[in-house]
Amino acid sequence: MQTFLTLDYEQETAIPPEEADVRTPEAYVRHFLAEFSDEGDAVFDPFAGFGTTLAVAEELGRVPYGVEYEADRAEFVRERIDHSENVVCGDALDVDLADEFPAFDCCLTSPPYMERSMGVNPFRNYADDSESDYETYLADLADLFERLALLANPDASLLLDVSNMKHAGEVTPLAWDVAEVASESFHFEGEVVVGWEGDEQDERDGGRYGYGYDHSYCLVFNAKKAD
Ligand SMILES: C[S@@+](CC[C@H](N)C(=O)[O-])C[C@H]1O[C@@H](n2cnc3c(N)ncnc32)[C@H](O)[C@@H]1O
């Protein structure tokens with residue numbers, strides 16, 4: 001596993017201008033799906049967003065499956081891929097995964113991010129009237145990883161696109177904390193540091209990736225959890 005690489009931060013697909021751009025660039029998904037999945041594999045994304053993982057999976061001859069909470073985003077993804085019937089609009093924390101989806105060979109996802117100081121719930125897409133805290137957020141993610149482990153084929157990979165976050169002089173070590181909770185259900189293979197190049201993100205929160213950073217991670221896990 002190559003543990004450091006640089007990629008151009010470029011979004012290849014237009015999204016509606018009023019939408020916040022929370023996407024994983026296609027180049028990232030292409031790189032990691034090529035390394036951690038094979039043609040014909042089932043690729044799953046429980047936080048499908050605008051469908052980057054699912055569209056690139058299809059482009060590479062994998063079969064995409066996913067969940068997205070926002071109805072307009074789920075519809076956007078359905079229009080973007082041939083396997084539109086494989087996209088469920090719902091709450092990934094609540095959907096009966098075994099009922100809706102076959103076992104996956106690779107799950108590549110980016111959860112909605114949370115800073116320690118936030119009080120709204122990322123899993124309700126930060127709705128003003130929602131409430132949560134960082135501990136609850138991590139516990140919810142831990143539950144989801146436990147359920148994902150039950151849906152994983154024995155040789156499956158779990159790949160997490162995540163970053164730490166700097167805001168108002170404070171760092172939320174999100175990547176470390178997500179790695180810790182995912183490790184409760186999957187075996188941690190290690191992190192890949194992805195350095196971002198290009199001009200597209202220069203103005204976003206003080207870093208080319210955003211959230212004060214020029215780099216993010218791919219946290220790599222496999223389904224063989226040693227007890
Ligand atoms: C970081 S974005 C993922 C972006 C995606 N990787 C892409 O490239 O388009 C996280 C996504 O998770 C969705 N989301 C938030 N809470 C969710 C939930 N409870 N169930 C499913 N999706 C959820 C958000 O609406 C958002 O689109």
Point to revise | Test set (1) more than 15 Å from the ligand (Cβ to nearest atom); (2) closer than 24 Å to Arg23 by Cβ; (3) in contact with a strand residue (DSSP E or B) (Cβ under 8 Å, 6 or more places away or on another chain) - Asp82 fails condition number | key: (3)
Revision key, fill the gap. Only unsatisfied item for Thr6, checking (1) within 16 Å of the chain's Cα centre (by Cα); (2) touching a residue at least 12 places away in the same chain (Cβ under 8 Å); (3) not in a helix (DSSP H, G or I), is (1)
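Can Tyr211 be described as modelled with pLDDT under 95 and aromatic (Phe, Trp, Tyr)? Please lay out each step first, then the result.
Numbers: modelled with pLDDT under 95: yes; aromatic (Phe, Trp, Tyr): yes.
In short, yes.
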Exercise for review: Kindly establish whether Asp21 is of a type in the set (Asp, Glu), touching a strand residue (DSSP E or B) at 6+ places or on another chain (Cβ under 8 Å) and closer than 25 Å to Gly195 by Cα.
Suggested key: no
Practice item. Assess whether Glu75 counts as being more than 8 Å from the ligand (Cβ to nearest atom) and part of a helix (DSSP H, G or I). Key: yes
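Take Gly49 and decide whether it is open to solvent by 20 Å² or more (accessible area, probe 1.4 Å), on the phi > 0 side of the Ramachandran plot and assigned to a loop (DSSP other than H, G, I, E, B). Steps first, please.
Values: open to solvent by 20 Å² or more (accessible area, probe 1.4 Å): no; on the phi > 0 side of the Ramachandran plot: yes; assigned to a loop (DSSP other than H, G, I, E, B): yes.
So Gly49 fails the test.
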Exercise for review: Tell me which residues, restricted to segment 98-138, are closer than 18 Å to Ser163 by Cα and more than 10 Å from the ligand (Cβ to nearest atom).
Suggested key: Cys107, Met114, Glu115, Arg116, Ser117, Met118, Tyr134, Glu135, Tyr137, Leu138
Revision key, fill the gap. When restricted to Val63, Val29, Val22, Val56, the only residue free of Cβ contacts under 8 Å to residues at least 40 places away in the same chain and either under 27 Å from Pro173 (Cβ atoms) or within 12 Å of the ligand (Cβ to nearest atom) (or both) is Val56
Exercise for review: For segment 155-185, name all the residues that are touching a residue at least 60 places away in the same chain (Cβ under 8 Å) and crowded, with 20+ Cβ neighbours inside 10 Å.
Suggested key: Ala156, Ser157, Leu158, Leu159, Leu160, Asp161, Leu174, Val178
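Of the residues that sit in segment 55-82 and are of a type in the set (Gly, Ala, Ser) and out of contact with any helix residue (DSSP H, G or I) (no Cβ under 7 Å at 6 or more places or on another chain), which one is most open to solvent (accessible area, probe 1.4 Å)? Quick ask: steps written out before the conclusion?
Taking segment 55-82 first, the residues of a type in the set (Gly, Ala, Ser) are 55, 57, 61, 66, 71, 74.
Then keep just the ones that are out of contact with any helix residue (DSSP H, G or I) (no Cβ under 7 Å at 6 or more places or on another chain); that gives 61, 71, 74.
On the way: Gly61: 33, Ala71: 66, Ala74: 0 Å².
Per the criteria, the residue is Ala71.
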Exercise for review: Return the total of residues in segment 130-154 being under 16 Å from Ala179 (Cβ atoms), touching a strand residue (DSSP E or B) at 6+ places or on another chain (Cβ under 9 Å) and touching a residue at least 60 places away in the same chain (Cβ under 8 Å).
Suggested key: 2
Practice item. Return the total of residues in segment 83-120 being open to solvent by 20 Å² or more (accessible area, probe 1.4 Å), of a type in the set (A, V, I, L, M) and part of a strand (DSSP E or B). Key: 1
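On the given criteria, is Glu26 open to solvent by less than 30 Å² (accessible area, probe 1.4 Å), out of contact with any Gly (no Cβ under 6 Å at 6 or more places or on another chain), of a type in the set (Asp, Glu) and closer than 18 Å to Leu159 by Cβ? Walk me through how you get there before you give the answer.
On the way: open to solvent by less than 30 Å² (accessible area, probe 1.4 Å): yes; out of contact with any Gly (no Cβ under 6 Å at 6 or more places or on another chain): yes; of a type in the set (Asp, Glu): yes; closer than 18 Å to Leu159 by Cβ: yes.
Against the criterion (open to solvent by less than 30 Å² (accessible area, probe 1.4 Å), out of contact with any Gly (no Cβ under 6 Å at 6 or more places or on another chain), of a type in the set (Asp, Glu) and closer than 18 Å to Leu159 by Cβ), Glu26 qualifies.
When you go through Val88, Val29 one by one, which is the residue that is under 15 Å from the mean Cα position of the chain (by Cα), closer than 28 Å to Leu150 by Cα and modelled with pLDDT of 95 or more?
Only one candidate passes the filter, namely Val29.
The values are calculated or read from the model by the stated rules, or taken from the named source; none is laboratory data. Remember, it's a predicted structure, so these values are computed and weren't measured experimentally. Virtual Cβ from ideal backbone geometry, glycine too; neighbours counted across all protein chains shown. Remember, those area values only see protein heavy atoms, side chains included, never the ligands or the DNA or RNA. Shrake-Rupley method; radii C 1.70, N 1.55, O 1.52, S 1.80 Å.
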